[in-house]
Each structure stands twice: as structure tokens, then as C-alpha cells.
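So the structure is just underneath, and the comments pick up after that.
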């Protein structure tokens, strides 16, 4: 299998009117089921919620027109802005850490015995109910808990983790749970790389880091960029883990830990006596959605490279 | 990381075997083997029927998602030109929409189709909601597959549909299995849509049963031992599935790419 | 999918027909004439099927069906019942009977006009008792269950009250000698070197202290006026100051048990039950939540909040959606459930306080039940939780800083005032 750049491949691609028509028909047949299903049950309701965002609506009675009023309010709403900042913090700082950690693990696990097992174990926080994690976190970080004990054992004065640094604690937890997912995806990609590439590199005297840089990274770039986009998008939907810090099954967590998903929930169904402000919540979702679109477009521009075929 | 995770898992299992009072007195300690926790959890939660529903729903929905998304992912991943690019973006956008926002319009739609409180309706929703992510994932996956085989097939006169079916699909097996596994796990934990769209207790899924179980634990005497036993009963099947399929993924990969 | 689309129009017709039948049935029902066809109604319950409350209600339903012939279709939805109700209210395919606590019903059904007026039910005779529903007990809680027009929207069957819980075995003298004023209370704490437990991570639990102190000082309804003040300056008024200063003293005096602001619920409540703290200001569910941690011989007792002339309470009860197709049948069931023999199980089996004072409360809640019958009731949280997201977005974050001793009473009043003004500007 030779290493080919796609530009090169394209030269050999036959062109002709009948083939391109056939290709177009095939394209339609292949994508149509997904497009239909997605449009009816997802895009339709989403567009409806754009419409809702221009109204005041409790979800039951008639909507009242507000025009852009909801949006004007949002930009002045400190609670929303703080939630938006948290979302960005998770997206950017969290993303950086998750990917660094994932690559480090990938590198560390390449030569490890029992890596299948290790990967399963790393993925495992993804399938655990957030409530369990939050209870565990509570025991670990509470005043006089295990972390405090460890710190004071080292002669340090432990801070009030859950009282003063709750967002940091949640942030660490998020990174911990999500890393497994990306390790899984990236590992599926690296495992497709034929072994003899590495064998050849080893014969040439390349160390693991060099192998990683010259073989793994370029050959998995497509998957990495996809993973980056997935992170962008899914980081915005982080919800359960933050919500689980709300204490009882009814209470919302403190507002300084909210991200936009929790904000939306709080404006609609969340809390002891829910607010049911669907118009306002929809507006905040639209703002979030539009910012992701911009970010994803930028991201794709930045990381676009010609994929390498092998 | 591996050690930390194993510790967490162990802690969860150990805690599920301890008495409530001891858990709070000493959160980290050896189990007292209170097997009764599991019996109590099983009794007080309606996990039986719910497990059946969840299993059926998640298995069919995850398979259906992959069946619908794979052709689209192939067409988008191997396609060039504006149509493919804009359609890719069209799907990508969907990943960012929080379900809470579309739930009311969605409910009105489902009500018109008489699909509320109906497992088939929930199945449709699960497929639709999982589509953006799966299409996105598979698009990236197909894009990274070698092109020569497909081109060889095209020169041989095989149609694109046949090229997809006979050549690309087997090649993409590991990607498909990954997509299936990730969707299955995601849907297994999905609670919000189920909460809104399922009303009968007989049709509820496991996360709903768990929510009810947690609420009950809280109102009528919290017992964290029983609570953890209940959670462990939900996590263990998933863990086994993952460990099992994780092996499959690797087999798929050796079949697919390891020539 | 194509299949379901092609079935759509006949189904729509069927729904329309069903709706028409329902509307006409509704018409006859309200006239009081019973249709000849076997009747039934749908009940979405806040309880899970195997909870004790559910078994009590199940028995009552069986008895009701036996005496009236009306079938009851129950869905044991659990606590999230109203989350399921909201979309259903939109579509119009609603259950005929739901239950939840008063404020939740108010938020989900009353604020959007989707509730039925319960005045008639309140005035109906309880079968075989010669008294109306309101007279046998639920009438006491009228203030908690009326809409803006003064009409009841709920028929309550359980009452929840607040108190300062303690272990009667550890502090036996308090039963006869409860501190009457705030100063007495603080002196008592000093005397016994007693600690107060608080799961301060839950903003609304922390708020209990300040809201109670303010309510005791200012009287009924006044705290809500403070919160509803558009300028937020009401918090700096001189009459508010004494209550805030009391709380400031409590906050800075080291009365809260260690960990009260650095743990995760229910850690502190568990510590209290295990004897590592002495007092817990909490609702009447505290005993059932902590019973598994309390050692043998633990006696649940509760002090009234010192200096308070009324008791904060909440109720759980039945409500009927406005568009319910079988409202009359549901209301008949409500009336029958108010019978002493039907409701009794809520106290004896489910260990709750019922809304009937002639049903003795379970022993561990006797103190709270006495408060509920002796004193006027005032809404839980002084009704602040009916102000949308105000508690969680405005009051609780600032208040937790105050109660954990990070800011003074004066700073609290100013900061809260500013946030509140911004909030009401946004929500006007």
C-alpha cells in the first residue's frame, strides 16, 4: 500500500457526464433516508424553537411576540453570561487538556501489555451514572475528606473544595470522564495504521515520540480533526455531571457552575418550581448554537489538511 | 488513570455491599458484604420490565442508526463538491442542539403522529437524535479509508452503490461497530426524552426506573448502599457489553485494515 | 415512517371524535347527571408504585371503584410527574387527576390557567361524615392553595412543616423548655456548646435560616414583598436589619458544624443523625430521610423556629387539569379519599402528616404536627420559590456567601438589592 495524497488520486478519477449523473443519483439514494429522518424529527423542531425564541412562551398558553427582546435581555443577563463563560472554559481549556491527556495515554499505551483491557477501563467513566460520580466526588473533596487528608498529610492547608472551588472540581471530573471517549476513537484510528510502518520506523531508529509525530499524527489527522469537532459540539451539551452536583434530585447546582445547557434546563424544566420560560431558553440555545457554528467553521479552517491515504 | 478508574469501579462495587450508616461514617473502607442491598434494590425498583424495554429499544435503535447513517456517512465522506460539504455541515449542526429546546415542538409533532407513550415513537426519536453525531463520526471515518479500492471498483464498472456495499462497508466495519457501541451506551443512559415521551410505567426504560428509584431512596429513607447496588446493576451489563464489543472492534479492525 | 403518515388522517379523525365525546361527557358531568356508560378516569401519580403512599392510594382506589363502579387508570409517574404533564397540557391529551406539592402545581398548571377550580370539591360533603372537605382539615391550608383570584386549585392530603430537629434522647429538657426567643435559642446553643448541621451546598436549605428569621421578624407575606421589590432597596430598610444581624451572628459565631459549607448533601444531615451535630432546621421529611443513619434510641423531636408566630408549611394534594375529560369522576374520587379511614394509612403506613387533624401524626413528627394545628401556616420559603428563577439566580448565591460568613449583613443587603434590581429589570 503506497502512501498517496488525495490530489494525486483525483487525477486518476474518471470524469464523464454519465458517471457524474450516476454519482449524483447514488449520492441521493445513500443520503436520503438519513436526511429525511433528521429533517423531520430534528431540524423541524429546531427551526420551530428559533421561532419560539422570538416569543415569550410558557409552553402551554399562546405565545406572545417579543421580537428580539429575549436576545437583548440575554446579553445583559449576568447568569447567562457566566454560564456562557463556563461553556467556553470547558470547550477551550477542557478540550486542550482532554486531547493532551488522550495523546499521552495513546502514546503510553502503544507498547503496553493488556492495552485492550486498559482502554476499556479508561472508557468506563462514560457509562457510569453521573450520580455515582458526584457522590464519590462529594466524599473525596468534602471538608475533611480524602483529598483534604492527603493535602494536610503533605503539610498543606486544604481549601474548601466544594464551597469555594466547585467549578474546578467539576471541571476536573469532566476531563476525567471524557478522556476515555477520545482515547477510544483515536485508538480505533491508530490501530488501522499498518504495523509495518512502525516496524520500519523502529528499524530506522525512531523513538516512540518520533513515531508518534511522523506516523501516528499525520495518518490519523482526519480522525483527530473529527474528534476535535465532536469535542466542540459535545462539550456544549455537558449537562448530567454538573446537574448531579445539585444535591437532591430536585435542586439545581449553584449558578457559578452552570453552563449553557444547565441554564437552558433551569429556564425550562429545572428547579423545585420550574420556570417554563421556553422563549428565553430557546433564545439562549440559539445563541449557543450560533457560536458553535462559528467556532466549528473556524476550527475546520484551521485544522484542514489534505488527508493522507494509505 | 487506569488505576484511578479501577479504584472508582472497585469503590462503587464495595460501597454497594456496605451498610448505609457505615458509608457515611467511613466512605472508604472494606465491604461488609451486605448482599441484601442487591435484593432490596431489585425489589424496590422496577428494573425487570424496564431492562427488557431498554434492551430492545437500545439494540434496535443503535442498529437502525448505523444502518441509516452509514450510507450517508459514506456518501458525504467520499463525496466531493458543495453538496457533500454543505450536507456534512447540515448534520454537524444538529449535534449542538440541546434536546431540552426542541422537546416541546417535538412533542406536538409526535402527538400528531400518535407516537407519544409509544416505544416505537421513542425508537424513531432515538434514531433521529443520534443521527447527526453518527453521520458525522462515520463521515470522518469513511473519508480516511483508502480510495484505491473504490476507484478500482469504479473502473471495473461497479456502481457506486455496489462499491459501497461490497467494498467500503466491510472495510468500515470497525467504524460501524464503534458507532454502534457509542450510540448504544449513549442511549442506554438517555433519560430526558424517555421522561417526556413515555408515560406508562410498563413502557419505561432503565434510566427512568433509576430516576424513580433514586427519588424513592431519597424520600423514604436514603440508603446509599441500596442506591449503589441499584446503580451497579445498571452499570455492570454495560461494562460487559463494552468489554465484549471492545474485543470485536479490534477483530473488526484486523479484518478490515490489517492486510 | 411512511406507514405512520398514511395512518395519520384516520387517527386524527379518531382523536377529534374522542375529543368531541369527551367534551360532551364533560358537559354532562358538570351538570351532575351521570352517563350510563361505565365510567373511568386517568390518574398520574407523583408516587412510585411500590412506595408506601402508593399502597395507601391503591387501597383507596380499590374501595372507590367498588362503591362507585368508576374505574381508575393509574400511571405511577413518580416525582417528575409535572415534567410529563407540561407537554401533555400543550397537546390537550391530559390526565384527569394529578398530585404534587402545591407550589409545583402552581408553577405547572395554575400560572398558565390550566387548572380546575376546586371550590366545589372543597364544599362537597365527605361521604358519611356530615362535614365538607374543607371542614375536615384541608381548609386550614387555604392560603397555600389559592390562585390569584382566591380560588383553591388543590385539595391537599398531606402537610409538610418545618422545624429545628434534634435528638430527644440527647436533649430531653428541650421538650418542656423550648427557647421562646432568638436570644434564648442562641443562649441555649452556647450553653450546650451545640452545633447546627446544614447541607449548605443546597442553596434553598441554607436559605431556610434567613427566611425563617425574616418571617419571624416581619410577619406573614412581608418577605415576599422584599423579594418582589423592583429596586431591591427594600433589603436595606431599617426593619429588615435586626433579623439579618441575628443571622450574621449565627454565621460568624461558629455555630454551624464543620463541613456545613464544604460537603455534598446529604453528608451533613447524615452527620447530624449520627450524633455529630445537634440541630437541623429541615422539613418534616427529615426523619424518614435519616432513619437509616440514626442510632437505636434516637428520638426525633423538633423545636419551633424561635420567635416565629406562624409555621412554614407546604401541602401535597390532588389537582385536576382544566381540560380533563373526566373531571367529575376524578373529583368524586378526591372527595372519597378525604374520608378518615381512607387517609389514615398516610400516617400509619407512609408515616406522613395528613391534612386531617383528627388523624394522629406518626410519633417522630408529633412536634411538627402540633405546630401545624396550633399556629397559622405560612407558605414554605415564604413563597419566594414561586418567583420563577429568583431564588436560585438571585437570593441563594448571595445568601450562601452571607451565611457562610464571607460577607456582612450590610454587604448582603446591598449586594442582594443590586442583583435583585437587575433580575426584575430582566423579568419585567
May I ask you to verify whether residue C:143 is more than 14 Å from chain B (Cβ to nearest Cβ), out of contact with any helix residue (DSSP H, G or I) (no Cβ under 9 Å at 6 or more places or on another chain), touching a residue at least 60 places away in the same chain (Cβ under 8 Å) and surrounded by fewer than 20 Cβ atoms within 10 Å (Cβ to Cβ)? yes
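Here's the yes/no breakdown for (1) within 28 Å of residue B:24 (Cα to Cα); (2) crowded, with 23+ Cβ neighbours inside 10 Å:
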position: B:128; (1), (2): no, yes
position: B:142; (1), (2): no, yes
position: B:153; (1), (2): no, no
position: B:169; (1), (2): no, no
position: B:174; (1), (2): no, yes
position: B:195; (1), (2): no, no
position: B:202; (1), (2): no, no
position: B:209; (1), (2): yes, yes
position: B:228; (1), (2): yes, yes
Any residue that is buried (at least 16 other Cβ atoms within 10 Å of the Cβ), part of a loop (DSSP other than H, G, I, E, B) and in contact (Cβ under 8 Å) with a residue 60 or more places away in the chain - is there at least one of those in the stretch B:33-40? yes
Which residues, counting only those in the stretch A:271-295, are under 18 Å from residue C:84 (Cα atoms) and more than 9 Å from chain B (Cβ to nearest Cβ)? A:271, A:272, A:273, A:274, A:275, A:276, A:277
Restricting to the stretch A:234-245, and then to whatever is within 8 Å of another protein chain (Cβ to nearest Cβ) and surrounded by 22 or more Cβ atoms within 10 Å (Cβ to Cβ), can you tell me which residue is farthest from the chain's Cα centre (by Cα)? A:245
Members of the stretch A:94-139 that are within 17 Å of residue B:244 (Cβ to Cβ) and either touching a strand residue (DSSP E or B) at 6+ places or on another chain (Cβ under 8 Å) or more than 9 Å from every other protein chain (Cβ to nearest Cβ) (or both): A:114, A:115
Wholly enclosed helices (runs of 4 or more DSSP H) of the stretch A:164-223 bearing at least 3 residues surrounded by 16 or more Cβ atoms within 10 Å (Cβ to Cβ) and at pLDDT below 85: A:166-190
Inside the stretch A:142-163, can you point out the residues that are buried (at least 17 other Cβ atoms within 10 Å of the Cβ) and either out of contact with any helix residue (DSSP H, G or I) (no Cβ under 7 Å at 6 or more places or on another chain) or not in a helix (DSSP H, G or I) (or both)? A:142, A:143, A:145, A:148, A:158, A:160, A:163
How many residues of the stretch C:278-290 are surrounded by fewer than 24 Cβ atoms within 10 Å (Cβ to Cβ) and over 20 Å from the mean Cα position of the chain (by Cα)? The answer is 1
Could you check the stretch B:1-32 and list, in sequence order, the residues that are within 14 Å of chain A (Cβ to nearest Cβ) and in a loop (DSSP other than H, G, I, E, B)? B:1, B:16, B:18, B:26, B:27, B:28, B:29
Quick check on residue C:69: is it assigned by TED's automatic domain parsing to the domain that holds residue C:341, at pLDDT 90 or above and on the phi > 0 side of the Ramachandran plot? yes
Could you tell me how many of the residues in the stretch B:106-148 are more than 10 Å from chain A (Cβ to nearest Cβ) and more than 24 Å from the chain's Cα centre (by Cα)? 3
Failed condition for residue B:240, given (1) modelled with pLDDT of 75 or more; (2) within 22 Å of residue B:27 (Cα to Cα): (2)
Answer with yes or no whether residue A:102 is under 19 Å from residue B:181 (Cβ atoms) and either over 19 Å from the mean Cα position of the chain (by Cα) or not assigned by TED's automatic domain parsing to the domain that holds residue A:230 (or both). no
Within the stretch C:116-133, which residues are under 24 Å from residue B:104 (Cα atoms) and at pLDDT below 95? none
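Just to be sure, is residue B:187 more than 11 Å from chain A (Cβ to nearest Cβ), in contact (Cβ under 8 Å) with a residue 40 or more places away in the chain and assigned to a helix (DSSP H, G or I)?
Working: more than 11 Å from chain A (Cβ to nearest Cβ): yes; in contact (Cβ under 8 Å) with a residue 40 or more places away in the chain: yes; assigned to a helix (DSSP H, G or I): yes.
Yes.
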Can you tell me which residues in the stretch A:248-262 are within 10 Å of chain B (Cβ to nearest Cβ) and either modelled with pLDDT under 75 or over 21 Å from residue B:187 (Cα atoms) (or both)? A:248, A:249, A:250, A:260
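Could you pull out the residue among C:383, C:388, C:405 that is over 25 Å from the mean Cα position of the chain (by Cα) and closer than 21 Å to residue C:204 by Cβ?
C:405
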Residues that are over 14 Å from residue C:334 (Cα atoms): list the helices (runs of 4 or more DSSP H) wholly contained in the stretch C:49-139 that include at least 1 such residues. C:52-68, C:81-91, C:102-105
Inside the stretch C:291-308, can you point out the residues that are more than 14 Å from chain B (Cβ to nearest Cβ) and touching a strand residue (DSSP E or B) at 6+ places or on another chain (Cβ under 7 Å)? C:299, C:301, C:302, C:303, C:304, C:305
Filter the stretch C:382-393 for residues that are farther than 24 Å from residue C:305 by Cα and either modelled with pLDDT of 95 or more or within 8 Å of chain A (Cβ to nearest Cβ) (or both) and give the result. C:388, C:389, C:393
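The values are calculated or read from the model by the stated rules, or taken from the named source; none is laboratory data. No experiment lies behind these values; they were computed from the predicted model shown. Quick reminder, even Gly has a Cβ in these numbers, built from the backbone with ideal geometry, and neighbours come from all protein chains shown.
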